[in-house]
1. Would you compute the Debye intensity of the stretch 187-265 from its alpha-carbon atoms alone, equal scatterers and no solvent, and pass along log10 I(q)/I(0) at q = 0.17 Å⁻¹ to two decimals?
2. Sequence gap at least 6, Cα distance under 8 Å: using those rules, report the relative contact order of the chain to the nearest whole percent.
3. Please give the helix 139-155 orientation as an angle from the longest Cα principal axis of the chain, in degrees from 0 to 90, rounded to the nearest 10.
4. Report in % the part of the accessible area of the chain that belongs to carbon and sulfur, leaving out ligands and nucleic acids; probe 1.4 Å.
5. In the stretch 537-639, what trypsin sites (Lys or Arg not before Pro) fall in a loop by DSSP, with at most 16 other Cβ atoms inside 10 Å?
6. Going by alpha carbons, how many degrees (0 to 90, nearest 10) lie between the helix axis of 330-340 and the longest principal axis of the chain?
7. Nearest 0.05, what FRET efficiency do THR231 and LYS413 give at R0 = 41 Å with Cβ-Cβ as r?
8. Exactly which trypsin sites (Lys or Arg not before Pro) in the stretch 275-343 are in a DSSP loop and have at most 11 other Cβ atoms within 10 Å?
Amino acid sequence: MKKHFLIAICALLLVSCGGRNESAPANPKVAANALKHYPIVDSLLRVMTLDEKIGQLVLYTSDWDVTGPSIRSGYVDDIRSGKCGNIFNAYTAAYTRQLQEIAVNETRLGIPLLFGYDVIHGFRTIFPINLGISASWDMPLIQESARIAAREAAAAGLHWTYSPMCDICVEPRWGRISEGAGEDAFLGSEVARAMVYGYQGGDLEDPLTIAACVKHFAAYGAPHAGRDYNTVDMSERWLREFYLPPYKAAVDAGAQTAMASFNEYDGTPATANRHLLTEILRDEWGFDGFVVSDYTGVMEMINHGTSRDLEDASIQALNAGNDMDMQSGGYSEFLAKAMKEGKVSKKTLDEAVRRVLTVKARLGLFEDPYRYCSPEREAAETKTEANLLAARTLAEESCVLLKNTHNLLPLDKNSTVAVIGPLADSADDLLASWRGAGQVEGIKSLLEGIREMAGGVVYAKGCDIENPGQAGFNQAEYAARSASTVIMVLGESCDWTGEAACRTSIQLPEVQKELLRRIAATGQPIVLVLLNGRPLDLSEESELADAILEAWYPGTMGGEAVARLLFGEASPSGRLSVTFPYNLGQVPIYHYAKNTGRPYVHKGVKYESRYLDCENEPLYPFGYGLTYTTFSYSKPELSAAEFGPMGSITAKATITNTGAKEGTEVVQLYIRDMVGSVTRPVKQLKGFERVTLAPGESRTVEFEITPELISFWRKDMTFGPEAGEFRAFIGPASDCTEFATFTYNE
Ligand code: BGC
């Protein structure tokens, strides 16, 4: 029997003698973190050589070419010699088994590989982009989408997803705004939590769950001028109040890993930022998983100008708390030397290795390294009817109805519609960036979805997404005139958002605007369906179109979902999770703005905080969205006018469906702290609830207001509430005006 088998068996014995917490609680909140101590990890650490330890901190990519998965031969050698303990971008049960067999059978200790992948909005069944998902405000369904993604990914041999992306963003130029949950810390925290629970479930050892990775830590969503990878600079107060909460929510939910972001914070790249990776993440938040760099993040510290060379960068990164090196190769090349020279301590190295091995143990890989490679499960779990139905429902719920003049929508199923636009017949764009292992074959475009629903369809592409040619305009105009309603499908190519996909304009390309103008000139009613991954400047489109449905990139089932909404098989219920400005000049614009010393209250007064050429308000505020019915709100009421540290009060309002159709409303609570030791937002989201009401039906929605809910980073940088007067607003969007006043007493 080989030596590594012996060691593995001894270790397994140790595990069965009390390493596992057999009665792991079902509550996912605690399950993942409860399984803390694994004797196998101690055993391994005692016998591992320096090189073997370093190998556990190394992560290399696999590749994918036309013939299927492939890997650079040097990496296979590294796996075989124990110099690479983790691989990403490799999937399928068969392929991961093949690589795992090398690690398990051919290395001295047989430590299994960890397989990671960007499962961002689905794996095989692709859900809407994350910005769209967050617009559903439907946490159970978001959790379910992550659970489905985990089941599909886990069956294909994956253990670890680089999600949730928790980067708050108020910068529409930044292409990665599409990957996050929008502008708000409260909503972002709810989404982060739901996704971690979805991926990790109640038991990480369950082969249907995978480890989550909270990224990109931290503040990656705030690059100057919206340009990817650019400098980030903000006060610690702003960081803590508006940017950190979603990352923390993911950590509190038990996320097993975290990814350091590419950007700097306070002059130090996040990859080697001890304040972020150790002081905040571990010491303050108690994170007990491992931190991985982003792709070549360690190497990039040379470009940042804070490391002389890769050796210097590797030492700085590990010492700061970055446990695993993704793709730079620096740990592999230099850490042994650094150890010998005393630049990295044995304690630091061992702690990093312990964290990585512990996550592998939590996943159950030491018990069965092939637990996640299951061709049978892979076939059975992939794109099941239930998965596709969940994707369709989430796609429907993520769409936001921005305008619906004279109730143009929903359309009559017997009518003949003209479908026009460069994105109407693109199935590919529906999947967006980071599409996992999603494939375009068999997916219905919006046009195909509409064809299945409408009495008659006339289609004309009209123009390309960006190419200025107008040769198709006449045919489009002809199509428009021959139908009772026009559905125009305009937007951005799906590779205009995602990583390294930033724009200096947030308008539709000029050729598409021109096409819209031409069709609008026919006088035909226009429904504009938008496919895009960022807030756009829709100031002109909102004048020209009669109805606007923001459909983002809705995923595998997007064609059907959008058609169902257009023809009333389903009703829109999405609400914006990010503000849509009138124009780029208003950016950054977000609902939690502060009052300033000169708020704009007197129309036309010069020396107040305002623009000469535009409103202060956005075109569509955060939280906004229509549906096929209308709702009325009673004035908010409070259970008591005041409360103290040990107490709480409730704020409530009664919502009535005043229209003729069933509909879903997202009831929102905002709070304003009237006087603080530091300036406070004029409104901040503090609660929400989705309610579905039949025509004429009323429901009273209650929110509990606790000291925690009104806490913030006070003048002295402690977190807590302050005594004083507050306003509680309850309404359908962040521009709601009805409030009740309460007092918090210390
Ligand atoms: C991205 C990460 C991603 C990683 C691995 C990087 O370029 O910034 O979000 O997880 O690549 O694919």
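The values are calculated or read from the model by the stated rules, or taken from the named source; none is laboratory data. If you're wondering where the values come from, they're calculated on a predicted model, not measured in any experiment. Methodologically, a virtual Cβ is constructed for each residue, glycine included, from the backbone with ideal geometry; neighbour enumeration extends over all protein chains shown. In case anyone asks, the SASA skips ligands and DNA or RNA and just uses the protein heavy atoms, side chains included. Shrake-Rupley method; radii C 1.70, N 1.55, O 1.52, S 1.80 Å.
1. Once normalised to I(0) and log-transformed, intensities are -0.68.
2. Relative contact order, the chain: 13 percent.
3. 40
4. Looking at the chain in its full context, I get 50 percent from C and S.
5. Here the trypsin sites (Lys or Arg not before Pro) that fit, given the DSSP loop and packing criteria, are LYS603, LYS606.
6. Orientation of helix 330-340: about 40 degrees from the principal axis.
7. Plugging the Cβ-Cβ distance into 1/(1 + (r/R0)^6) gives 0.20.
8. ARG308
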